[in-house]
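The values are calculated or read from the model by the stated rules, or taken from the named source; none is laboratory data. Being a predicted model, the structure only gives us computed values, none of them experimental. We place every Cβ from the backbone using ideal geometry, glycine too, and count neighbours over all the protein chains shown. Just so you know, the surface numbers come from the protein's heavy atoms only, side chains and all, with ligands and any DNA or RNA stripped out. Shrake-Rupley method; radii C 1.70, N 1.55, O 1.52, S 1.80 Å.
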Amino acid sequence: MAATCRFSIFRHDAAADEAPRFQQYEVPYTEGLTVLGGLIHIQQRLDGSLAFRYSCRAGVCGSCAMHINGRYRLACETQVADCKLDVAVRPLGHLPIVRDLVVDMGRFWKHYQHIKPYLIPGTPPPAAGEYVQTPDDRARLDVIIDCILCASCYGACTTTAADPEFLGPAALAKANRFLVDSRDAATEERLELVSGDHGVWRCHQIFSCQQVCPKSINPPGSIADLRRAAIRHRLRRRAHPE
Amino acid sequence: MQYTEVLVVGAGLAGLRAAIGVNERNHKALVLSKVHPLRSHSIAAQGGVNAALGNHHRGVTDTPLKHAFDTVKGSDYLADQDAAILMCEEAPKRIYELERWGCPFSRTVDGKIAQRPFGGAGFPRTAYAVDRTGHVMLHTLYEQAVRFEEYSERQEMGFLDEWLVTRLVVDAGVCCGVVAVNLLTGEVEGITAEAVIFGTGGSGRMYAQSTNALINSAHGMAVAYWAGVPLKDMEFIQFHPTTLWGTNILMTEGCRGEGGFLTNSEGKRFLADYPDSQKAMEVAPRDITARNMTREILAGRGVKGKYLNLDLRHLGADKINARLPGIREIAMSFAGVDPIVDPIPVIPAQHYTMGGISTNIHCETEVKGFYAAGEAACVSVHGGNRLGGNSLLDTVVFGAIAGWKAADFVDGKAAMKQGMKAVEAAVEEERKVLDALRNAAGTEDPAAIRDELGQAMQEGVGIFRDKEKIQKALGTVLALKGRFQDVKATYRGRGMNPELTNNLELRANLDVAEVVVRGALGREESRGSHFRVDFPQRDDARFLQHTVARHVDGEGKISFSPVALGTWEPKERKY
């Protein structure tokens with residue numbers, strides 16, 4: 001008998017259903033089958049109504065973050081074998097469910113936009129060529145620029161659960177990405193943006209964001225850096241009022 | 001009904017750069033994409049982007065003209081030479097611009113943008129950000145788009161995420177706008193625009209084995225083709241030499257640019273045994289490398305008879321971790337192989353569509369007000385074979401040009417909003433078509449059609465082609481098109497109906513696949529990636545021409561158009 005695996009999938013249509021439910025599927029198992037591969041098999045061959053997002057299937061686009069067997073992961077990077085052929089899937093947490101595994105990411109992107117996620121240089125660009133950035137300065141951007149904005153961290157964060165306006169790990173790490181960039185000069189502007197009521201001071205440093213990050217990024221580290229910078233910024237302002 | 005000055009369809013690198021270009025010329029851009037912009041396939045590009053910056057110590061004498069020559073030679077002389085020269089001259093400007101917008105390129109010791117060697121290039125000219133160049137470029141352009149969206153008092157940029165354009169509306173040779181589906185709600189709406197730009201990406205998913213994202217279904221190309229815009233050089237499909245055995249996830253050419261070896265079952269660097277790659281070895285262009293790898297496997301020297309090894313071990317852990325960490329991560333998660341310890345199992349697979357929506361060097365098509373750029377377009381700069389590092393360049397150079405030209409076109413218009421009636425009429429028709437597909441009560445399983453299409457393309461128009469194989473593929477594709485007429489739909493919901501989206505994309509894939517096959521059948525020569533076992537020589541007398549395909553009565557009709565020469569005489573390619 002051919003090997004099979006089991007999928008238990010969260011189903012809900014926010015517009016039509018009273019309550020969500022879990023639906024069970026049996027999927028043929030072949031070596032190397034990922035959770036995303038299983039979901040696609042279900043959608044294309046068993047149940048054309050199952051809604052979820054996907055694109056690259058290679059762990060780089062950030063579309064398919066979901067809750068799989070107890071933790072947030074990318075479905076495309078998760079081997080069904082590692083789930084012991086028994087897969088339970090739920091949508092990303094702390095974001096409104098639209099249908100099945102599709103959530104409304106609007107709030108996540110709003111927080112991302114809030115921190116001004118673009119380079120704001122202090123000096124006009126060089127007359128010719130590039131801004132000079134030493135390899136050491138460039139190295140400070142390593143890892144943190146790998147963020148694919150998949151929102152695994154947002155789902156795992158306990159503070160976002162309690163405070164929907166909390167900027168969340170991804171947006172705060174993104175703010176730090178620009179703070180540490182030697183070409184960026186908007187440090188004070190960004191510190192103001194991240195040190196409000198829903199900013200860096202809200203984080204409880206539980207580290208669940210870091211634990212689930214598929215790119216090994218350390219948002220609590222970024223948040224700690226931002227807190228230190230924010231304190232220095234406040235002290236400077238007190239010492240030298242405008 | 002919505003209205004915008006310029007509608008940009010597709011929000012990968014080409015689309016976003018086009019939208020910024022529209023803004024730079026003081027016009028409003030609405031950016032529509034079937035996925036959130038950051039989920040576009042541009043994100044997956046790894047190795048880098050070419051520009052003659054001269055930042056590498058071995059590249060100080062590099063020039064845009066030398067870059068253009070390498071591009072033309074790499075194309076097997078099918079690229080339009082004026083287009084290649086334009087792209088390479090614009091290259092440094094676009095790369096410096098990205099850097100000034102915050103793109104975190106890797107750096108040389110003196111703080112300049114770092115460059116690495118790539119296949120078919122005379123100098124190390126591929127600027128890179130570790131092995132995630134597409135990721136950082138797409139994030140940078142999206143960041144700039146957010147900046148434009150936020151800062152402009154006139155709200156110059158808007159986004160429609162998770163919408164799919166199903167029809168391009170053309171009236172009397174002039175583009176009026178599009179009909180699109182909001183994928184979240186299922187609503188079908190018209191968008192009238194003074195100009196429309198397609199940056200809708202490639203067609204890889206018509207092959208069973210492809211490096212492409214699952215969303216690369218040729219849908220944009222098909223929508224243009226159905227509206228009467230010809231597709232050009234579609235038989236030229238690039239097969240990337242090094243894709244991960246099993247999943248076909250890309251293993252960047254940068255692996256070989258950084259010094260990686262390709263070895264066979266005997267552990268030998270077999271590229272030395274083939275005359276067209278014995279000098280350049282692992283950094284010969286992709287068409288040549290992919291063919292010689294396939295020959296090696298067919299000769300029985302594949303590892304376990306199936307694949308070849310990409311061996312990085314001699315580079316050492318430090319270099320692998322510094323330059324190729326993403327490759328290591330992918331190899332570990334998807335193949336269970338750590339390249340520091342073991343070689344990576346690789347095989348050639350579909351990677352890039354050199355052909356596309358036919359445009360001139362201004363990104364203009366035959367339809368006034370309709371533009372295309374990036375992988376969806378064929379300008380042509382890649383001809384028969386694209387050089388690694390030239391696709392990212394193509395997106396930003398021609399994306400910008402498309403944006404500027406579309407804005408200029410709007411400036412020159414005597415009257416606005418003339419296309420509304422035509423779009424309204426098209427919406428009515430399109431609603432019926434989509435409802436019919438959503439409620440299709442046929443008997444044919446779309447998943448089976450998709451699988452059979454993938455196999456037919458793999459076998460008939462793969463790395464080695466001949467008349468018999470191609471004809472068989474054509475028969476299969478035509479039969480599948482027929483079967484699709486009787487396709488089965490099981491889910492009737494309007495909003496987030498993945499089955500409907502899949503069927504729309506399959507419909508597109510089938511028609512564009514037919515064009516690929518017909519182009520391959522008509523081109524009785526071997527050039528670039530198109531290798532005919534029955535016509536193994538390049539035949540400039542008959543085929544130094546672009547293939548042009550038009551949609552006539554539901555079928556692809558092939559003709560030819562001249563190549564822009566003038567700077568370099570075609571010669572035999574050796575590396």
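Does region B:117-131 include one or more residues that are over 30 Å from B:G259 (Cα atoms) and either under 22 Å from the mean Cα position of the chain (by Cα) or away from chain A (no Cβ under 14 Å) (or both)?
Within region B:117-131, the subset over 30 Å from B:G259 (Cα atoms) is none.
Scanning region B:117-131, I find no residue that is over 30 Å from B:G259 (Cα atoms) and either under 22 Å from the mean Cα position of the chain (by Cα) or away from chain A (no Cβ under 14 Å) (or both), so the answer is no.
For residues that are part of a loop (DSSP other than H, G, I, E, B) and out of contact with any Phe, Trp or Tyr (no Cβ under 7 Å at 6 or more places or on another chain), scanning just region A:150-169, find the one that is most open to solvent (accessible area, probe 1.4 Å). Please lay out each step first, then the result.
Residues of region A:150-169 part of a loop (DSSP other than H, G, I, E, B): A:150-151, A:157, A:163-167.
Keeping just the survivors that are out of contact with any Phe, Trp or Tyr (no Cβ under 7 Å at 6 or more places or on another chain) gives A:150, A:157, A:163-167.
On the way: A:C150: 13, A:C157: 15, A:D163: 12, A:P164: 55, A:E165: 78, A:F166: 3, A:L167: 13 Å².
Filtering region A:150-169 for residues that are part of a loop (DSSP other than H, G, I, E, B) and out of contact with any Phe, Trp or Tyr (no Cβ under 7 Å at 6 or more places or on another chain), the one most open to solvent (accessible area, probe 1.4 Å) comes out as A:E165.
Quick check on A:V98: is it buried (at least 16 other Cβ atoms within 10 Å of the Cβ) and more than 13 Å from every other protein chain (Cβ to nearest Cβ)?
Working: buried (at least 16 other Cβ atoms within 10 Å of the Cβ): yes; more than 13 Å from every other protein chain (Cβ to nearest Cβ): no.
Taking the combined requirement at face value, the residue does not satisfy it.
Residues B:A541, B:A473: which one is free of Cβ contacts under 8 Å to residues at least 60 places away in the same chain, among the aliphatic types (A, V, I, L, M) and open to solvent by 70 Å² or more (accessible area, probe 1.4 Å)? Before you say what the answer is, go through the steps one by one.
Values: B:A473 fails: open to solvent by 70 Å² or more (accessible area, probe 1.4 Å).
Testing whether each residue is free of Cβ contacts under 8 Å to residues at least 60 places away in the same chain, among the aliphatic types (A, V, I, L, M) and open to solvent by 70 Å² or more (accessible area, probe 1.4 Å) leaves just B:A541.
Just need a number here: residues in region B:172-210 that are closer than 23 Å to B:Q455 by Cβ and open to solvent by less than 10 Å² (accessible area, probe 1.4 Å).
6
Given A:G93, A:G48, which one is at the interface with chain B (Cβ under 7 Å from one of its Cβ atoms) and farther than 28 Å from B:M251 by Cβ?
Details: A:G93 fails: at the interface with chain B (Cβ under 7 Å from one of its Cβ atoms).
Going through A:G93, A:G48 in turn, the sole match is A:G48.
Does A:R71 qualify as being within 12 Å of chain B (Cβ to nearest Cβ), modelled with pLDDT of 95 or more and open to solvent by 20 Å² or more (accessible area, probe 1.4 Å)?
When the stated conditions are applied, A:R71 does not pass them.
For region B:10-45, how many residues meet the condition of being assigned to a loop (DSSP other than H, G, I, E, B) and modelled with pLDDT of 95 or more? Before the answer, list the steps.
Going residue by residue through region B:10-45, those that are assigned to a loop (DSSP other than H, G, I, E, B) are B:10-12, B:25-28, B:34-36, B:40, B:45.
From what is left, the residues that are modelled with pLDDT of 95 or more are B:10-12, B:34-36, B:40, B:45.
Residues flagged as assigned to a loop (DSSP other than H, G, I, E, B) and modelled with pLDDT of 95 or more within region B:10-45 amount to 8.
Restricting attention to region A:206-239, report how many residues are open to solvent by 60 Å² or more (accessible area, probe 1.4 Å) and assigned to a loop (DSSP other than H, G, I, E, B). So that I can check it myself, show each step before the final result.
To start, the set of residues in region A:206-239 that are open to solvent by 60 Å² or more (accessible area, probe 1.4 Å) comprises A:206-207, A:210-211, A:216, A:218, A:225, A:228, A:231-232, A:234-239.
Then keep just the ones that are assigned to a loop (DSSP other than H, G, I, E, B); that gives A:206-207, A:216, A:218.
Total meeting the criteria: 4.
Can you tell me how many residues within region B:405-452 are out of contact with any Leu (no Cβ under 8 Å at 6 or more places or on another chain), in a helix (DSSP H, G or I) and away from every other protein chain (no Cβ under 14 Å)?
The number of residues fulfilling the criteria is 23.
It is to be established whether one or more residues within region B:79-92 are under 20 Å from the mean Cα position of the chain (by Cα), surrounded by fewer than 23 Cβ atoms within 10 Å (Cβ to Cβ) and of a type in the set (D, E, K, R).
yes
A:A128: within 11 Å of another protein chain (Cβ to nearest Cβ) and open to solvent by 50 Å² or more (accessible area, probe 1.4 Å), yes or no?
Details: within 11 Å of another protein chain (Cβ to nearest Cβ): yes; open to solvent by 50 Å² or more (accessible area, probe 1.4 Å): yes.
So A:A128 passes the test.
Of the residues that make up region B:46-55, is at least one assigned to a strand (DSSP E or B), away from chain A (no Cβ under 14 Å) and modelled with pLDDT of 95 or more? So that I can check it myself, show each step before the final result.
Quick first cut of region B:46-55, residues assigned to a strand (DSSP E or B) only: B:49-50.
Right, trim to away from chain A (no Cβ under 14 Å) and you get B:50.
If we keep only those that are modelled with pLDDT of 95 or more as well, we get B:50.
Checked region B:46-55: at least one residue is assigned to a strand (DSSP E or B), away from chain A (no Cβ under 14 Å) and modelled with pLDDT of 95 or more.
All but one of (1) assigned to a loop (DSSP other than H, G, I, E, B); (2) under 25 Å from the mean Cα position of the chain (by Cα) hold for B:D276; state the number of the condition that does not hold.
(2)
Could we say that B:A402 is assigned to a helix (DSSP H, G or I) and under 30 Å from the mean Cα position of the chain (by Cα) here? Step through it out loud before you land on a result.
Working: assigned to a helix (DSSP H, G or I): yes; under 30 Å from the mean Cα position of the chain (by Cα): yes.
The answer is yes for B:A402.
Facing chain A (nearest Cβ under 9 Å) and in contact with a helix residue (DSSP H, G or I) (Cβ under 6 Å, 6 or more places away or on another chain): which single residue out of B:G102, B:G111 fits that description?
Working: B:G111 fails: in contact with a helix residue (DSSP H, G or I) (Cβ under 6 Å, 6 or more places away or on another chain).
When all the criteria are applied, what remains is B:G102.
Considering only region B:191-206, state which residues are among the hydroxyl-bearing types (S, T, Y) and over 21 Å from B:N502 (Cβ atoms).
Step one: of region B:191-206, the residues among the hydroxyl-bearing types (S, T, Y) are B:192, B:200, B:203.
Within region B:191-206, B:T192 is the sole residue that qualifies.
Across region B:353-376, what is the number of residues that are of a type outside the set (S, T, N, Q), open to solvent by less than 10 Å² (accessible area, probe 1.4 Å) and closer than 20 Å to B:F236 by Cα?
Matching residues across region B:353-376 total 9.
Count, please, the residues in region A:26-45 that happen to be facing chain B (nearest Cβ under 8 Å) and either more than 27 Å from B:G201 (Cα to Cα) or not basic (K, R) (or both).
So in region A:26-45, the residues facing chain B (nearest Cβ under 8 Å) come out as A:32, A:40, A:43-45.
Imposing the further condition that a residue be either more than 27 Å from B:G201 (Cα to Cα) or not basic (K, R) (or both) reduces the set to A:32, A:40, A:43-44.
Residues that pass the stated criteria total 4.
Condition first: more than 14 Å from every other protein chain (Cβ to nearest Cβ) and surrounded by fewer than 24 Cβ atoms within 10 Å (Cβ to Cβ). Now tell me which residues in region B:28-45 satisfy that.
Correct list: B:K28, B:L30.
Just to check your reading of the model, which residue among A:A2, A:A16 is more than 27 Å from A:K215 (Cβ to Cβ), more than 10 Å from every other protein chain (Cβ to nearest Cβ) and either more than 15 Å from the chain's Cα centre (by Cα) or of a type in the set (S, T, N, Q) (or both)? Outline the logic, then answer.
Values: A:A16 fails: more than 10 Å from every other protein chain (Cβ to nearest Cβ).
Among A:A2, A:A16, only A:A2 is more than 27 Å from A:K215 (Cβ to Cβ), more than 10 Å from every other protein chain (Cβ to nearest Cβ) and either more than 15 Å from the chain's Cα centre (by Cα) or of a type in the set (S, T, N, Q) (or both).
Of the residues B:R256, B:R295, which single one is within 19 Å of B:I463 (Cβ to Cβ) and in contact with a Gly (Cβ under 9 Å, 6 or more places away or on another chain)?
Values: B:R295 fails: in contact with a Gly (Cβ under 9 Å, 6 or more places away or on another chain).
On inspection, the qualifying residue turns out to be B:R256.
Kindly indicate whether any position in region B:401-408 is open to solvent by less than 50 Å² (accessible area, probe 1.4 Å), closer than 30 Å to B:V283 by Cα and either touching a Phe, Trp or Tyr at 6+ places or on another chain (Cβ under 9 Å) or of a type in the set (F, W, Y) (or both).
no
Give B:D553, B:D451, B:D534 a once-over and let me know the one that is on the phi > 0 side of the Ramachandran plot, out of contact with any strand residue (DSSP E or B) (no Cβ under 8 Å at 6 or more places or on another chain) and among the acidic types (D, E). Reasoning before the result, please.
Values: B:D451 fails: on the phi > 0 side of the Ramachandran plot; B:D534 fails: on the phi > 0 side of the Ramachandran plot.
From the options B:D553, B:D451, B:D534, the qualifying one is B:D553.
Quick check on B:G111: is it buried (at least 20 other Cβ atoms within 10 Å of the Cβ) and of a type outside the set (D, E)?
No; evaluated as a whole, the condition is false for this residue.
Out of the residues in region A:131-146 that are open to solvent by less than 20 Å² (accessible area, probe 1.4 Å) and either in contact with a strand residue (DSSP E or B) (Cβ under 6 Å, 6 or more places away or on another chain) or among the β-branched types (V, I, T) (or both), which is nearest to B:H135 (Cα to Cα)?
The extreme case among them is A:I145.
(1) more than 14 Å from chain B (Cβ to nearest Cβ); (2) modelled with pLDDT of 95 or more: which one isn't true of A:A162, the others all being true?
Tallying (1) more than 14 Å from chain B (Cβ to nearest Cβ); (2) modelled with pLDDT of 95 or more, A:A162 fails exactly one: (2).
Determine whether region B:330-343 contains at least one residue that is in contact (Cβ under 8 Å) with a residue 60 or more places away in the chain, in contact with a Gly (Cβ under 8 Å, 6 or more places away or on another chain) and surrounded by 24 or more Cβ atoms within 10 Å (Cβ to Cβ).
Within region B:330-343, one or more residues are in contact (Cβ under 8 Å) with a residue 60 or more places away in the chain, in contact with a Gly (Cβ under 8 Å, 6 or more places away or on another chain) and surrounded by 24 or more Cβ atoms within 10 Å (Cβ to Cβ).
Please tell me if A:P121 is out of contact with any strand residue (DSSP E or B) (no Cβ under 7 Å at 6 or more places or on another chain), farther than 27 Å from A:E18 by Cα, open to solvent by 20 Å² or more (accessible area, probe 1.4 Å) and at the interface with another protein chain (Cβ under 8 Å from one of its Cβ atoms). Quick ask: steps written out before the conclusion?
Working: out of contact with any strand residue (DSSP E or B) (no Cβ under 7 Å at 6 or more places or on another chain): no; farther than 27 Å from A:E18 by Cα: yes; open to solvent by 20 Å² or more (accessible area, probe 1.4 Å): yes; at the interface with another protein chain (Cβ under 8 Å from one of its Cβ atoms): yes.
Judged against the criteria, A:P121 is not a match.
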